[in-house]
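First up is the structure itself, then whatever we jot down about it.
Read-outs: derived from the displayed coordinates by stated rules, not from any lab. In this text, all values refer to a predicted model and were calculated from it rather than measured experimentally. Cβ coordinates were reconstructed from backbone atoms using ideal geometry, including for glycine residues, and neighbour counts include every protein chain displayed.
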Amino acid sequence: MTLHVHPDIAALSPYVPGKPIEELQRELGLTRVIKLASNENALGPSPRAVAVINEGVATLHRYPDGGAFRLRQAIADRWKVSAEQVILGNGSDEILGLLARTFLSPGDEAVMADQTFVIYKMEVMAAHGKAVIIPLVQWRHDLTAMADAITQRTRLLFLCNPNNPTGTMVSAEEVVRLLARIPEHVVVVFDEAYFEYVRSSEFPDSMAYVKQGRNAIVLRTFSKIYGLAGLRIGYGVTTPEIANFLNRVRPPFNANSLAQRAALAALDDDEHVANSRAVNQAGMDQVVNGLRALGFAPIASETNFVYFDVGRDGHGVFDALLRLGVIVRHIEGRMLRVTIGQTEENKIFLAALGQALQAD
């Protein structure tokens with residue numbers, strides 16, 4: 001049977017997630033495996049979220065609240081916006097797809113960085129749009145070049161801040177200069193999945209731009225510091241007009257009932273967030289110092305992961321680490337990304353990396 005697939009879809013490569021622990025144990029017969037590949041919270045989920053999940057199990061035969069009234073209102077209260085400005089997604093990834101479907105006609109353009117979150121390009125191409133790729137400069141977004149790339153066909157501009165996979169950020173001052181050059185027909189997408197990990201006082205207040213009525217959306221997630229990656233729940237805060245259009249293509253019941261309960265509880269778990277940040281900061285120091293001791297120069301990160309050049313075939317080092325029971329992420333070429341784990345996990349990673357380098 002001959003399949004007739006749109007060329008834009010045929011040209012895509014499937015997203016390859018980090019290897020699951022169970023799969024590596026099964027493949028190599030390992031008893032101890034640590035996963036530092038997917039930027040998950042080393043402390044696990046919010047205890048408050050875990051506590052409320054059981055309350056929803058008995059009603060799993062019922063559809064969830066399609067409008068997610070309580071969670072949307074809580075998010076709106078947190079950011080001092082109206083609930084009609086909040087949209088939920090099956091992970092913030094889903095909202096990226098909604099943006100592409102809503103704003104891109106065939107041939108329309110979306111500006112994004114090279115070496116950034118790969119889902120941007122995938123969603124743009126799936127919507128038959130054109131991804132306009134701007135190289136990073138010193139591992140950071142080149143906002144001047146991104147603004148220069150805008151044309152009359154540009155509809156979206158993606159700004160991953162802090163950036164995945166590099167961990168770098170752009171400052172409030174840089175974003176102000178960027179926005180001064182953005183025409184009204186472009187929606188700026190502030191993808192801030194790692195917002196809660198940022199330490200820099202120069203990080204932009206992107207919510208302020210939404211409150212000013214600019215054509216912008218701020219994406220956040222419960223998958224990272226709140227530890228709910230397995231439930232797939234994220235959100236966007238935008239103007240009422242943009243939210244209205246996105247809701248026209250949003251699938252019904254896209255935020256499941258357990259995810260809504262857990263996210264609502266996690267949102268107010270300030271203790272878990274504070275503990276997660278503290279563990280991450282201590283772990284970041286441990287990993288960065290350990291990498292430097294091995295002769296590497298890790299890129300300064302505002303996230304819960306570190307990006308570094310291994311100085312040789314990165315896939316070879318990645319594979320050697322797998323055989324030692326450590327899962328990291330090979331991004332491209334010589335570059336690896338490692339998630340910050342708990343103290344013992346970081347120690348195991350650094351020891352395994354040293355061993356992998358000696359065996360190479």
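Before moving on, here are some points about what is shown:
- Peptides 75-83, 319-327 ordered by average Cβ neighbours within 10 Å, highest first: 319-327, 75-83
- Of the residues G56, V186, I75, the one whose Cα sits farthest towards the positive end of the charge dipole of the chain is G56 (charges of +1 on Lys and Arg Cβ, -1 on Asp and Glu Cβ, taken about the Cα centre).
- With only Cα atoms counted, region 100-143 has Rg and Dmax values of 10.8, 33 Å.
- Across region 254-264, computed HN-Hα scalar couplings (Karplus, 6.51 cos²θ - 1.76 cosθ + 1.60, θ = phi - 60°) run 6, 9, 5, 5, 5, 4, 4, 4, 5, 5, 4 Hz from first to last residue, x flagging Gly and Pro.
- Of the three principal axes defined by the Cα atoms of region 243-340, the extents in descending order read 50, 33, 26 Å.
- Close amide H pairs (under 5 Å, H built 1.01 Å from N) link D108 with K130, residues at least 5 positions away or on another chain.
- Value of [θ]222 nm, deg cm²/dmol, for the chain, DSSP H segments ≥ 4, -39500 (n - 2.57) each, nearest 500: -12000 deg cm²/dmol
- Normalised Debye scattering of region 50-110 at q = 0.12, 0.13, 0.19, 0.23 Å⁻¹ gives log10 I(q)/I(0) of -0.47, -0.54, -0.91, -1.06, counting only Cα atoms as equal scatterers and leaving out solvent.
- Our coupling estimate for region 8-23, obtained by passing each phi through the Karplus curve with A = 6.51, B = -1.76, C = 1.60 and θ = phi - 60°, is 5, 6, 4, 7, 7, 9, x, 5, 10, x, x, 5, x, 4, 4, 5 Hz, Gly and Pro reported as x.
- Convex hull per residue volume in Å³, alpha carbons only, for the chain: 164
- Under-5 Å amide H pairs with D142, H placed in peptide plane, nonlocal only: V137
- Total lysine pairs under 29 Å (Cα atoms) in the chain, excluding pairs fewer than 8 apart on one chain: 14
- Summing Cβ point charges (Lys, Arg +1; Asp, Glu -1) relative to the Cα centre of region 10-130 gives a dipole of roughly 300 debye.
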